[in-house]
1. With modelled with pLDDT of 95 or more and either buried (at least 17 other Cβ atoms within 10 Å of the Cβ) or among the charged types (D, E, K, R) (or both) as the only criterion, which of 560, 568 stands out?
2. Give 227, 241 a once-over and let me know the one that is buried (at least 17 other Cβ atoms within 10 Å of the Cβ), modelled with pLDDT under 85 and in contact with a helix residue (DSSP H, G or I) (Cβ under 7 Å, 6 or more places away or on another chain).
3. Just to be sure, is residue 270 surrounded by 15 or more Cβ atoms within 10 Å (Cβ to Cβ) and either at pLDDT 80 or above or of a type in the set (Val, Ile, Thr) (or both)?
4. Kindly check whether there is at least one residue in the range 468-475 that is among the small types (Gly, Ala, Ser) and without any contact (Cβ under 8 Å) to a residue 12 or more places away in the chain.
5. Only residues in the range 331-349 that are without any contact (Cβ under 8 Å) to a residue 60 or more places away in the chain count as the first member; pair them with residues that are assigned to a helix (DSSP H, G or I) and of a type in the set (Asp, Glu), Cβ under 8 angstrom, at least 6 apart or cross-chain, and list the lot.
6. Looking for something surrounded by 18 or more Cβ atoms within 10 Å (Cβ to Cβ) and more than 30 Å from residue 688 (Cα to Cα) - is there at least one such residue anywhere in the range 742-754?
7. Which fully enclosed helices (runs of 4 or more DSSP H) of the range 432-526 have 2 or more residues being under 28 Å from the mean Cα position of the chain (by Cα)?
8. Which of the numbered conditions does residue 42 fail, given that it passes all the others? Conditions: (1) over 25 Å from residue 17 (Cβ atoms); (2) buried (at least 22 other Cβ atoms within 10 Å of the Cβ); (3) at pLDDT below 95; (4) not β-branched (Val, Ile, Thr).
Amino acid sequence: MLSSSKNLDPPQSSKTATFAVGAAALTALIVCFFGGKGLLTLTLVSTVSGIVWLISPPNHLPSRSLLLGALVLVAVAFSGLLPSSWFGGEELWRSKLSSSWGIPIPSTVSPQPELSLGAALTLTLFCIWFFLLAGQNAGEHQRRLVLRALGIGIAAISGLAILQKLGWINLGWPYSPHKPTGEDMGPFPNRNHFSTLCAIGSILCAANAYDSYRRKELSWPLFAIGAIVPFSAIVLNSSRAGLLLYFVGSIAWIATSGMKSHIFKKIALSSTLILGSAAVIILYGSGSGARLASSDLSAQSLQNEGRFSVYSETIRLGLDSPWLGVGLGNFDAVFGLQHQLNQPLSRYIHPESDWLWLWFEGGLLCILPLVVGVAIWFGLCAGKARGESKSKRGRSDRKLRTVCIVVVFMAVAHSIIDVPLHNPGLATLVLVLASLGLKPTADSRTVAPPQRWAIRTFSLVPIAAAIALSLSHLGHPLYPGRIAMEVGQKEVSEFLSSNKLRDASKRLDELIEQYPLQWSLYFQRASLDLALREPTESAMMDFGRARALEPHNSTLCFEEGKLWLEYEPRLAIVPWRAYFERTENAEFFGIMLNLSRNHDPLHRDLLSLARTPEMMLRALSLAAPGDWSSGLERLLKKDPTLEHLNPTHRQQLFSLWSQRGNKDQLISELESHPDWQKDGWQIMVEHFANNSEFDRAWEIQKKFASVPSPGQSSSVTDLQQMERNFLYNPTDPRRGIDLFYAQKTAGKWDEAILTLEKTMQLPNAPDYLIQELAALHAERGEFRLAYDTMKKIYSPQ
């Protein structure tokens, strides 16, 4: 049945379509409010998809080319479950893990097919979500309704985030176990993801304000204020990416909104927007304004260099399997196994780019249909709809579609240099906006009622997923993938809290069989083996597997050593030696030495691991008396000039040397190395003073302990007048200082000393008077008094 080409809102745009897009908008706002939590988002999306599919199934047949692209994308996503032998030989890292460590890796394209299955199902759910909404063939009424709801909803979330930032409320944001409440602004654990949401919300509100103003509605000031709130949140959130996204998106919307004005007026409006926003940033004086104004360019350069290093390393490793990738859900495990980046204290869970992430896991066969699909989608959104009139109403609908195109491309652009679309909440929102951007095709072939009943049966897919996800939330891991793995790890934690160690060990065996590249599972099982007093060989093997799967992470090596101290201290040297093969952290070396002090063989083995001067210094601080001299000799041989020790460490070394070593040798070395004296001068002073060489002690004090002295500042030259001034103002240090300098110049040494001593007793007397008094004693040859006086300026060792 064909609909009339004269009707802008085709028959599909009915109450059920309004219900469908309205439910979708509400779902997107809810999942964004909760930070896009994976399990919550997937449960809501699948539940709403199933209900909407039953009540309002797609009335409009989607573009065949767009549907074909989605089918190819989903099919490739499931290709990770196919045998890897169909596509070439086994990767070297697989064979190494299997032969050296006995890790049973499946022979599928994906080394962890359970994870890939869950990721592929999730991708399928989001495709269903998009085509469900696209099939509603929304008209101008539905589009306006949803864009206004989303704009106000995002503004409300932004306002709540501002209130929490100011400390007026506490919503527990961000919802992340890795970040404390209030560390970042908004519900998302990633600062830039929240700023992406705010940039989208601000532009939606601005477009709604413009639309309302054109329609002569009184609601336009509400939307105008709504546009300001998300922008203010971006400023407070200190996100450069958010600001850039906001400016670029605003200019793009202004340039494409079809305003009836001259091009120069558009340029002026864009300039006003940028300058006004910049003024707000400067007025805030904090957040992004402070970061932009006072950012450390070298630190920012290092951050960018690290980001580009991840990009290049991802591309290098991805070229090993460019067409199919390593299977969805496997980036962190496979990348961690192979990358050559020096990052021993953390691990990479994504490559800082949605597109690189998808390419690494799904290959070009995932990227190509997605790129083609985006291009087809743009063609289905841009321009006039077929049969659309040139009336005011037709132009109004095009403006609404235009803002949808702009905000979707904002998210796509951001996804090139970050991972916003891997956040389920933002992905849900962007897909809603993408479906609203499609032109209403009033002359297209609609779905007949009998076919609609057949299509309703497809709702069983999201409904089944919703049931599985809900049961997973209750502790029954029916939905495969990372969600099931997290449920299993929670079960292990519950067994451990109930002291059911055997049950926990059995559950870990099952999880390792399903997820063989998760190093934490092997680490936990090895810890359980030690607690259960199993043979140490079993624990050693599992700890070794964990280190093999995480060859760059030094923290797990340190923690493994601490566990061995409780059960078999001599074996702690194995992971701790691996620790220093990954990083040379002297602070942790000192911690290890302290932990091993009661275990002599381990302690001796650890001392032999000192490779850097700082590590050798830590070893010296805990060395036995008989080992001290040899340890010092090793350090000086490694670093004869001590250039690799900072001033604090050199001071620590000289202090240890004077207390535990040959002090005469130290003084000789300090005298022959003038550049060492600035860190060891106090030891030299005390040495010469103890030998009654006070003249030498004073000379060193004068060189290193002196403080700036301003000299005489008074213009009065009459000595008697100065004496009267000080007599009449006995609490004014300045009067006494001027008198002292005058008496000193006149050669009245005894009077000068008495004046100085009296002035030094005043509450506000400056410290440099101490060295002036010491200098007077030295000029009179009283070096003992000069030394004792000068000591008051510093605290000798």
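1. 560 is the lone residue from the list that is modelled with pLDDT of 95 or more and either buried (at least 17 other Cβ atoms within 10 Å of the Cβ) or among the charged types (D, E, K, R) (or both).
2. From the options 227, 241, the qualifying one is 241.
3. On the way: surrounded by 15 or more Cβ atoms within 10 Å (Cβ to Cβ): yes; either at pLDDT 80 or above or of a type in the set (Val, Ile, Thr) (or both): no.
No; evaluated as a whole, the condition is false for this residue.
4. yes
5. 331/361; 335/313; 340/313; 348/332; 349/332
6. Within the range 742-754, one or more residues are surrounded by 18 or more Cβ atoms within 10 Å (Cβ to Cβ) and more than 30 Å from residue 688 (Cα to Cα).
7. 482-497
8. For residue 42, the failing item is (1).
The values are calculated or read from the model by the stated rules, or taken from the named source; none is laboratory data. None of the values given here were measured: they were computed from a predicted structure. Using ideal geometry, Cβ is built from the backbone for each residue, glycine included, and neighbour counts are taken over all protein chains shown.
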